[in-house]
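Working notes for the structure below.
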Amino acid sequence: MNERDFADLAAGHALNALSDADERAFQEALAGNPLWDRHVRDASDAVAAISDTVEPVEPPASVRAALFARISELPQQSTTAMDEGDAFDDEDYAALGVAPATVQNSPQGSDSDVVAPAASAGSSWGLRRWFTLAASIVAVLVLGFGAVTVGQQLTRPASLIALEQIENAPDAQSTTTTMPDGTTVTAHWSASTGQSVLVTDDMPALPAEQTYELWFVREGTPIAAGVFDPDASGDATAVLDGQYRSGDLIAVTVEPAGGSPDGTPSSDPVVLLATA
């Protein structure tokens, strides 16, 4: 067995996907080549990383059906019909625990040689072909289901990520106010993360030429912190631009579309929340 084949078996071992014969071949190769242990560590680390980052997902029944359909479509070759590139080599037979067939000279007068059959390998496929199929299955499941989770993480709005980081911080705080028209506004902040987020519910819609603008009010001085527009239901989750500092006030004003042209509030706050 060469080192490349051992690396393939190490991946199968890490996935607990080796047959008894493959596992024996793996252990024997490792015992004879201690330096190949790095492949075992790399494969184990890769599987552990996948386990830590991708939450378990129950595959739908369609995956199993599609898998068996794919297997049934693959060409089935007999051992005698294999071409040179598909034939087992000695390492494949060793891993499967069988010996290759031997060709014996035919008796005098016979037109052909006699092939002495070896013990059945259990399949007409080479070890590498089966391993490739197994690896493909693993890749489909990991990439197919894992990509959903990773994709969801990558496409989450920055405001939701900031809100989650604040809520997980040891010094997370929040305060809520209800305005006379029923609008609910909640400010979330964390001094250790330096982040703050404003969450609104039933915030009144503004004309197209106006927008809501966020402000830090620090020692009496307003500092622009971005603009936001609630959705059709008046809901919004907006992260304040800039570093939050303990004691800041969080304010919201109504400004021209795009925000205050001179960087200072042009109207009185419609929301003012203390974070001290």
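The values are calculated or read from the model by the stated rules, or taken from the named source; none is laboratory data. If you're wondering where the values come from, they're calculated on a predicted model, not measured in any experiment. Every residue, glycine among them, receives a Cβ derived from its backbone with ideal geometry; neighbour counts consider all protein chains shown. Only protein heavy atoms, including side chains, enter the accessible area calculation; ligands, DNA and RNA are left aside. Shrake-Rupley method; radii C 1.70, N 1.55, O 1.52, S 1.80 Å.
Observations
- Looking at region 1-80, the helices (runs of 4 or more DSSP H) lying wholly inside it that each contain 1 or more residues that are at pLDDT below 85, open to solvent by 70 Å² or more (accessible area, probe 1.4 Å) and among the basic types (Lys, Arg) sit at 3-14, 37-53, 61-73.
- Check on residue 259, closer than 12 Å to residue 214 by Cα, of a type outside the set (D, E, K, R) and outside any loop (DSSP other than H, G, I, E, B): no
- Among the numbered conditions (1) open to solvent by 60 Å² or more (accessible area, probe 1.4 Å); (2) in a loop (DSSP other than H, G, I, E, B); (3) of a type in the set (A, V, I, L, M), the only one that residue 206 does not meet is (1).
- Summed over region 172-203, residues that are under 21 Å from residue 259 (Cβ atoms) and part of a loop (DSSP other than H, G, I, E, B) total 2.
- Check on residue 226, modelled with pLDDT under 95 and either of a type outside the set (A, V, I, L, M, F, W, C) or more than 17 Å from residue 185 (Cα to Cα) (or both): no
- Taken together, 200, 264, 237 contain a single residue that is out of contact with any Asp or Glu (no Cβ under 8 Å at 6 or more places or on another chain), within 19 Å of residue 178 (Cβ to Cβ) and among the hydroxyl-bearing types (Ser, Thr, Tyr), which is 237.
- Looking only at region 168-203, and only at residues there that are touching a Gly at 6+ places or on another chain (Cβ under 7 Å) and surrounded by 22 or more Cβ atoms within 10 Å (Cβ to Cβ), the one that is farthest from residue 249 (Cα to Cα): 203
- Subset tally (residues that are touching a residue at least 24 places away in the same chain (Cβ under 8 Å) and either open to solvent by 70 Å² or more (accessible area, probe 1.4 Å) or not in a strand (DSSP E or B) (or both)) for region 230-256: 14
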